[in-house]
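The values are calculated or read from the model by the stated rules, or taken from the named source; none is laboratory data. Just so it is clear, the structure is predicted and the values come from calculations on it, not from any experiment. For neighbour counting, all protein chains shown are included, and Cβ atoms are generated from backbone atoms with ideal geometry for every residue, glycine included. To get the accessible areas, we keep the full protein, side chains included, count just its heavy atoms, and leave off ligands, DNA and RNA. Shrake-Rupley method; radii C 1.70, N 1.55, O 1.52, S 1.80 Å.
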Amino acid sequence: MFAIKFAMKFSQPILCKQCSLANWENVMFRRGLKVSVVGAAGGIGQPLSLLLKQNPLIKTLSLYDITSTRGVAADLSHICSDCHVCSFEGAGQMKASLVGADVVVVAAGLPRKPGMTRDQLLDANASVAASVAKAISDACPGALLAFITNPVNTIVPIVAEILKSEDAYDPKRLFGVTTLDVVRAKTFLSDSLGVEPQDVNVPVIGGHAGTTILPIISQCNPKFEGSDEEREQLVHRIQEAGTEVVKAKAGKGSATLSMAFAGAHFVNSLLRGINGEELVIECAYVESDVSEADYFSTPLLLGPKGIEENLGLPDLDEIEEAALEKLIPVLKKNIHTGVEYAQAIIADS
């Protein structure tokens, strides 16, 4: 039941053309499911939009960023898939980019740089997430919301509080995207197990930063037979994989390509759920009562309205129980910071 299913299917290419702002609403209505990407011109947003352009479940792909969106949209519109691309730029067009969206995926904000703390990253990205949440509350309160913007542990509570203040919050529709942790766990475990990554199933719970990321290796399928030392090294690598990429890029970027892949996969799962496909299960960071933390990532059963069922904590062994006990205070602090930050924004508005 806790298997994470990675099955991205692509349609046969069909010639298409970019829809203009003038005819965008008509195209959206005619074409069906719409996905809006906020932060589409950024390091994650561009490859994410490229992958989404190929998804046969998406008929309208709306791209928004502060600048440079027109060029990204023009480039993508030359790709022969049955998906119309629309571009919106500048603060004045954010709401227009969101109207009628079935799914909004938010990749806006600054990437983490070498030496940057999570608090510094929060200072850079919290106001961005808050402004997006306010726009969503007006333009598409019924959409499923997938936030990639880091630090996810704190950004999601901020967004929730802003949506609550706008009377537009539904806990079943707000997700912090932690899929990259699952992708990495599958990849690293596949090397250890000597099997293909797509044949590995492993839940990853908790949060989306450092020690709050808890891969449940005891539930890995195929079974992990390595030593305790090998297991500890795997867990540490999964938890610090983002830093591994930041260091490898030597200050010139963060995990943009792998995050785009993971984000596109998660959006695809949301769309499959919207379409009524059965047994679509993903781990994501959501409002939760499975632990002492108000937000927590566990496997979720997805459906037309978002979360059909939180499948709760998988079985944990003693090592994982101890790790869970240690991560909870960290996660609760992250969440508290987000709630306080949002309340300050609300009080000033």
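A few comments on the model shown:
- Using the Karplus relation 6.51 cos²θ - 1.76 cosθ + 1.60 with θ = phi - 60°, the per-residue 3J(HN,Hα) values for the range 121-136 come to 5, 4, 4, 6, 10, 4, 5, 5, 4, 5, 5, 5, 4, 5, 5, 4 Hz, with x marking Gly and Pro.
- Centre-to-centre, using Cα atoms only, the range 222-274 and the range 38-86 are separated by 23 Å.
- Coil-residue trypsin sites (Lys or Arg not before Pro) of the range 230-328, DSSP, other Cβ within 10 Å capped at 13: Lys252, Lys305
- Rh by Kirkwood over Cα pairs, then Stokes-Einstein D for the range 91-178 at 1.306 mPa s and 10 °C, µm²/s: 122 µm²/s
- For the range 141-154, Karplus couplings with θ = phi - 60° (6.51, -1.76, 1.60), whole Hz, Gly/Pro x: x, x, 6, 7, 10, 10, 9, 9, 3, 8, x, 4, 4, 9
- 3J(HN,Hα) from dihedral phi, the range 280-297, Karplus parametrisation 6.51/-1.76/1.60, rounded to Hz, x for glycine, proline: 8, 10, 9, 7, 7, 8, 9, 4, 7, 10, 7, 9, 6, 8, 6, 10, 6, 9
- All distinct Cα pairs of the range 254-349 go into the 1/r average, and the inverse of that average, the Kirkwood radius, is 15.5 Å.
- Projected onto its three principal axes, the C-alpha set of the range 297-344 covers 37, 36, 7 Å, listed from the longest axis down.
- Scaled radius of gyration (Cα, divided by 2.2 N^0.38 Å) that the chain gives: 0.95
- Zone of Thr211's modelled label, taken as backbone nitrogen in the range 305-339 under 16 Å from a point 7 Å along Cα→Cβ: 319-335
- Only helical runs count toward this figure. For the chain, summing -39,500 (n - 2.57) over DSSP H runs of n ≥ 4 and dividing by all residues gives -14000 deg cm²/dmol at 222 nm.
- Amide H contacts under 5 Å for His208, placed H, 5+ residues apart: Asn153
- Taking the three principal axes of the alpha carbon atoms in the range 222-285, the coordinate ranges are 41, 37, 18 Å, sorted in descending order.
- Fraction of beta bridges assigned by DSSP in the chain that are antiparallel (%, nearest 5): 45 percent
- For the chain, the fraction of 1.4 Å probe accessible surface lying on carbon and sulfur atoms is 52 percent.
- Crossing angle, helix 179-193 versus the chain [Cα axis fit, 0-90 degrees, rounded to tens]: 50 degrees
- Long-range Cα-Cα pairs in the range 143-258 (distance over 16 Å), rounded percent: 65 percent
- In a simple Cβ point-charge model (Lys, Arg +1; Asp, Glu -1; nothing else charged), the range 257-327 has a dipole of about 560 debye relative to its Cα centre.
- Full extension of the segment from Ser68 to Val290, taken as 0.36 nm per residue of separation minus the current Cα-Cα distance, would add 75.7 nm.
- FRET efficiency estimate (nearest 0.05) - Cβ-Cβ, Glu340 to Thr187, R0 35 angstrom: 0.45
- Accessible area (Å², per residue) of the chain, counting only protein heavy atoms and a probe of 1.4 Å: 43 Å²
- GNM flexibility winner over the chain from Ala124, Ala74, Ala248 (Cα, springs under 10 Å): Ala248
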